[in-house]
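These notes are about the structure you will find just below.
Every number here is computed from the coordinates shown, using simple stated rules; none is lab data. The shown structure was predicted, so the numbers you read here are calculated from the model rather than taken from an experiment. For neighbour counting, all protein chains shown are included, and Cβ atoms are generated from backbone atoms with ideal geometry for every residue, glycine included.
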């Protein structure tokens with residue numbers, strides 16, 4: 001089994017997608033994932049450039065008042081010099097949502113269009129596929145590929161894609177490979193004639209993973225070493241442990257429709273998807289509010 005993909009100089013081996021997800025949990029998962037999509041469609045952009053995936057620069061954010069009360073809360077004093085009681089701002093803890101990830105698998109049809117396909121479909125030599133991902137929160141995406149019992153290789157972030165960045169915004173879709181790549185051969189994963197089994201790990205985190213190079217550090221590493229970067233030690237132990245965490249899932253039942261202009265524009269221009277826009281084929285959500293979600297795809301090529 002070898003699905004050979006030349007992705008901006010990276011050779012990636014994979015195969016047909018059999019998704020390792022828990023039993024279907026239904027509309028509560030899909031509804032919970034889509035609830036944070038905006039109701040209105042975002043304004044269109046004239047730019048056709050791939051959106052920046054670099055880490056946003058830190059800015060000082062003022063603390064916003066969430067509730068004002070008259071009187072002095074327990075454990076504090078706010079009595080003025082005149083003896084009157086001042087208004088006190090009480091900041092309530094913010095509920096942290098569960099991390100969620102949506103996946104849609106597209107295959108290239110005979111007309112060159114990207115068409116939704118069932119992740120359980122068995123692919124043959126010459127078939128081409130592309131993944132569209134959507135998250136329900138801002139964060140950082142890492143994709144690792146492991147062939148049989150071989151070492152886990154990081155295929156994203158990539159020093160030759162997005163300037164080594166891996167920052168995603170909530171409900172702004174991300175596709176790999178990119179449909180607007182300069183050459184056709186770089187726009188799809190292509191299956192070859194060799195069969196076998198591989199595993200892809202999608203790691204989505206609220207904060208960057210420690211000890212994993214990205215951006216300029218990754219570019220420098222690949223300039224001086226052999227890429228892709230190989231995961232190991234505590235990083236890989238964490239990924240494997242998080243992969244055992246239970247996920248809730250919802251899978252679409254209908255396939256065969258082409259990718260819409262809305263989806264294409266969103267991925268190439270960095271636009272968010274609205275609630276009435278096309279939904280992911282597969283949605284996976286964490287069962288807790290942990291800051292990391294790990295989803296896996298078992299790849300089978302027959």
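Taking every Cα-Cα distance in the stretch 139-222 and sorting them into 5 Å bins starting at zero, the pair-distance distribution P(r) comes out as 3, 12, 20, 24, 21, 14, 6, 1 percent. Between residue 302 and residue 241, the FRET efficiency from the beta-carbon distance, with R0 = 45 Å, is close to 0.90. Sorted fewest first by neighbouring Cβ atoms within 10 angstrom, 162, 192 come out as 192, 162. Note down the Stokes-Einstein diffusion coefficient of the stretch 124-186 in µm²/s, whole number, using a Kirkwood radius over alpha carbon pairs, 37 °C, and 0.692 mPa s. Using the Kirkwood radius from Cα pairs, D works out to 245 µm²/s. Taking square-rooted eigenvalues a ≥ b ≥ c of the alpha carbon gyration tensor, is the stretch 200-292 rounded, prolate or oblate, where a/c under 1.5 means rounded and, failing that, a/b exceeding b/c means prolate? Because a/c hits 1.5 or more and a/b fails to exceed b/c, the stretch 200-292 counts as oblate.
Spacing of the modelled spin labels on residue 226 and residue 194, each 7 Å from Cα toward Cβ, amounts to 1.5 nm.
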